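Participant: One structure, pasted below without further comment.
The values are calculated or read from the model by the stated rules, or taken from the named source; none is laboratory data. Values in this document were obtained by computation on a predicted structure and should not be read as measured data. Glycine also receives a Cβ, built like all others from the backbone with ideal geometry; neighbour counts cover every protein chain displayed.
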Amino acid sequence: MKVMKLVWLWLLFGLAITVSTVEAADIKIGVVNAAMVLDKSPQKTAALARLEKEFLSRSKSLEKKHKTLRAKQDKLLKDGAVMGATERQDAERKILSQQRDLKRLQDEYGEDLSIRRNEELRKLEQKIAKTIVDLAKKESYDLVVYQGVIYASDRVDLTEKVLAVLKKANK
């Protein structure tokens, strides 16, 4: 990430030098707010819905296992005093084993969900980048900055145009 920032800094430095040496040339510059495009794009909403649908059965299964385990723990607390020592120890071991299994399943679920979310976000970022490049070529921009911008005036901000293209493409 630091390398990308350094590249952008050098690019902007080079642009500043070029702009100062080429006084008569009109350079068209645009800026896109990456966070806003990602948050407001309909493709993100669709991707999150796909993920939710994809992981719904596993999530429900984990909830069911959690409730079952909780019921067994409650039963042990309630009936533990009247159980024999070995019977109580066996029940405690089974519950402990099921707790470990549930924890492992929850960890796997979290990892799988994270991997799939990252895959979907990468696809979306690629689509956004392609949309920006296409828009920049169509409207003859010389430079479009996408990430790492601290400030940009409304005159050079292409964020709404990019969102409009993405919304149109999502229909």
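Participant: Pull up region 66-97, narrow it to residues that are among the small types (Gly, Ala, Ser) and part of a helix (DSSP H, G or I), then point me to the one that is farthest from Tyr109 (Cα to Cα).
Facilitator: Residue satisfying both the conditions and the ranking: Ala85.
Participant: If you check every pair at least six apart or on different chains, which have Cβ atoms under 7 Å apart with a residue in region 106-128 that is farther than 19 Å from His66 by Cα and modelled with pLDDT under 95 first and a residue that is assigned to a helix (DSSP H, G or I) and not hydrophobic (A, V, I, L, M, F, W, C) second?
Facilitator: Leu124/Gln43; Leu124/Lys44; Lys127/Gln43
Participant: Now for a different question. Kindly establish whether Ala152 is surrounded by fewer than 17 Cβ atoms within 10 Å (Cβ to Cβ) and closer than 26 Å to Arg50 by Cβ.
Facilitator: In short, no.
Participant: Where residues in region 135-149 are part of a loop (DSSP other than H, G, I, E, B) and at pLDDT 80 or above, which of them is surrounded by the fewest Cβ atoms within 10 Å (Cβ to Cβ)?
Facilitator: Filtering region 135-149 for residues that are part of a loop (DSSP other than H, G, I, E, B) and at pLDDT 80 or above, the one surrounded by the fewest Cβ atoms within 10 Å (Cβ to Cβ) comes out as Ser140.
Participant: Specify which of the listed residues (Glu23, Glu87) is more than 25 Å from Thr159 (Cα to Cα), at pLDDT 80 or above and loosely packed, with under 15 Cβ neighbours inside 10 Å. Give the steps one after another, and end with the answer.
Facilitator: Working: Glu23 fails: at pLDDT 80 or above.
Selected residue: Glu87, the only one of Glu23, Glu87 that is more than 25 Å from Thr159 (Cα to Cα), at pLDDT 80 or above and loosely packed, with under 15 Cβ neighbours inside 10 Å.
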